[in-house]
Every structure is written in structure tokens, then in C-alpha cells.
1. Every residue in the range 199-244 that is touching a Leu at 6+ places or on another chain (Cβ under 6 Å) and in contact (Cβ under 8 Å) with a residue 60 or more places away in the chain, please.
2. Restricting to the range 208-229, give me the number of residues that are modelled with pLDDT of 90 or more and part of a helix (DSSP H, G or I).
3. Name the pairs whose Cβ atoms lie under 7 Å apart, with the first residue in the range 1-29 and touching a residue at least 40 places away in the same chain (Cβ under 8 Å), the second surrounded by 16 or more Cβ atoms within 10 Å (Cβ to Cβ) and of a type in the set (Val, Ile, Thr), and 6 or more positions between them or separate chains?
4. Go through (1) within 23 Å of PRO152 (Cβ to Cβ); (2) modelled with pLDDT under 95; (3) among the charged types (D, E, K, R) one by one and return the number of the condition LYS56 breaks.
5. Among the residues of the range 184-199, are any more than 30 Å from GLU102 (Cα to Cα), under 19 Å from the mean Cα position of the chain (by Cα) and not in a loop (DSSP other than H, G, I, E, B)?
6. Take the conditions under 13 Å from LYS244 (Cβ atoms), at pLDDT 95 or above and crowded, with 20+ Cβ neighbours inside 10 Å and apply them to LEU142. Does it pass?
7. Regarding PHE107, is this residue farther than 16 Å from ILE49 by Cβ and either modelled with pLDDT under 95 or touching an Asp or Glu at 6+ places or on another chain (Cβ under 7 Å) (or both)?
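The values are calculated or read from the model by the stated rules, or taken from the named source; none is laboratory data. Note that the coordinates shown come from a computational prediction; the quantities given were computed from them, not determined experimentally. Cβ: placed from backbone, ideal geometry, glycine included. Neighbour counts: every protein chain shown.
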Amino acid sequence: MNEVIKTIQNHRSIRKFEDKLLSDEQIKTIVESAQAASTSSYVQAYSIIGVKDPDKKKKLAELAGGQDYVAENGHFFVFCADLYRHQLLSEKHEQDTSQVLESTEKFMVAVIDATLAAQNAVLAAESMGLGAVYIGGLRNNLDEVCKLLKTPPLVLPLFGVAVGYPAQMPDQKQRLPFQHIYHEDEYEQNKVNYMDQLEKYDEDISQYYEQRTNGKRKDTWTGQMAGLLARPSRMYMKEFVEGKGLNKR
């Protein structure tokens with residue numbers, strides 16, 4: 001197993017960081033690594049907003065649901081789907097691209113581009129001995145996040161990534177079984193096998209929580225997910241995204 005694979009498979013979310021800021025050189029390396037990610041048709045439909053201002057970080061922590069590590073980290077990156085520059089270049093070349101820029105397809109391209117870039121960024125950070133955690137909680141209050149970061153139309157903050165020097169090393173959570181994720185030639189639809197795999201996974205996850213909490217928790221993964229999906233959240237998203245000029249067609 002080479003060092004890249006070791007770094008990838010050693011990933012865990014870090015939610016407590018040392019009181020030490022990243023250097024400008026580290027930030028540049030992480031962003032340049034993000035830019036090295038694949039991008040659909042060379043569109044590069046994303047932007048990254050680095051937040052250094054302590055007051056802005058505190059506000060983002062509040063907007064994300066009171067997550068302290070949004071404010072207390074080495075650096076905070078916000079990954080955005082971004083088609084604004086494409087609107088500007090269309091004006092430069094006197095082309096009407098509004099129908100395409102408003103399409104679901106180009107919205108998906110922007111989301112995928114940003115996500116690929118973010119994964120590269122996190123991998124680069126972890127290879128440098130840093131830790132990271134993704135922050136989807138920014139989508140709890142996107143209107144306020146957009147105002148705080150002054151994002152123009154066709155730019156949508158998708159998630160944040162807090163990066164820093166780890167002050168903890170939590171246990172890794174076991175992922176779903178290989179057979180449950182990887183399908184060969186066609187989607188496996190044997191429901192009995194599917195549910196058996198989930199049952200075994202539930203046993204493993206329940207044991208993980210029991211050991212981690214000294215018996216205080218025995219959650220199953222399917223129980224967690226069923227509860228999560230039964231509680232509507234961020235249901236304003238479709239209207240908000242369309243209001244930013246995205247995913248309208």
C-alpha cells in the first residue's frame with residue numbers, strides 16, 4: 001500500500017484543532033491541489049472562499065448551528081458552485097448562455113466540480129499532517145451566508161471545510177460493506193442479500209458506539225438514517241437555488 005492510499009484510508013473527521021493558523025504557503029498549496037482536480041469539460045465551475053476574519057468565522061459557526069470548530073481552526077474554506085464568471089465571459093464574447101447557465105446539468109457540473117476540488121484539498125491537507133472536517137451546516141442559513149460572504153448571482157456556497165492541526169484523533173467509523181457499495185455490470189437488487197448486509201453493518205456500528213461511549217449508545221446505522229430522513233430539513237433549498245439563478249431549467 002503506497003502513501004497516497006494510506007492517507008486516503010486513514011481519513012477521519014477532526015473537530016478539535018490546535019490554536020495555530022495555517023501559513024499562506026499551506027493555504028496556497030491546498031488551493032492549488034484543489035485546482036488540480038478533474039473538471040467537466042474544463043469548465044472549472046467553482047470558487048473557494050478562504051475565511052480568515054475571526055468575526056466572520058464566529059458568525060459562520062453560529063449560522064452552521066453552533067459548531068465551534070468552524071471558528072476555531074487553522075483556516076476555513078468555503079466551496080462554492082460558481083457560474084458567475086461564465087456569465088461574465090459570455091458577455092465578453094456577446095453570447096446568450098442564460099439557458100445553459102440556468103440548466104440542471106450545469107448546476108450539477110458546478111456541484112460536482114466543487115466537490116472534486118474539495119476532496120483534493122482535504123487529501124492534500126491530510127498529507128501535510130493536518131486534519132479537516134466538512135461543514136454542511138452552512139446550508140442551514142444560506143441567505144445569511146451569502147450576505148456575509150458577498151456572493152454574486154450564480155454563486156452558491158455548498159459546504160465549508162475546516163482545516164488545522166489536529167488536537168484529537170477519533171476512531172474511524174466503519175463504512176458500508178464493499179459488496180453494498182460496489183455493483184458489477186448491473187445494480188444488485190437481491191433484497192434479501194441487501195438487508196442481510198445492512199443487518200450485519202448495524203451490528204458492527206452498534207458495537208462501535210457501545211465501545212466508544214462505554215455503553216451509553218448502541219445506535220444502528222439504519223436507525224440513524226431512518227430518523228434523519230424522517231425529519232425534513234433545509235426544505236427551502238430548491239427555491240433558494242433557483243433564486244440564485246441556478247437549476248431553473
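1. PHE240, LYS244
2. 9
3. Hits for this filter: SER13/VAL133; ILE14/VAL133; ARG15/VAL133; LEU22/VAL163.
4. (2)
5. Looking only at the range 184-199, we keep the residues that are more than 30 Å from GLU102 (Cα to Cα), and these are 184-199.
The next check asks that each one be under 19 Å from the mean Cα position of the chain (by Cα); those that pass are none.
No, every residue in the range 184-199 fails to be more than 30 Å from GLU102 (Cα to Cα), under 19 Å from the mean Cα position of the chain (by Cα) and not in a loop (DSSP other than H, G, I, E, B).
6. Details: under 13 Å from LYS244 (Cβ atoms): yes; at pLDDT 95 or above: yes; crowded, with 20+ Cβ neighbours inside 10 Å: yes.
It is true that LEU142 is under 13 Å from LYS244 (Cβ atoms), at pLDDT 95 or above and crowded, with 20+ Cβ neighbours inside 10 Å.
7. On the way: farther than 16 Å from ILE49 by Cβ: yes; either modelled with pLDDT under 95 or touching an Asp or Glu at 6+ places or on another chain (Cβ under 7 Å) (or both): no.
No.
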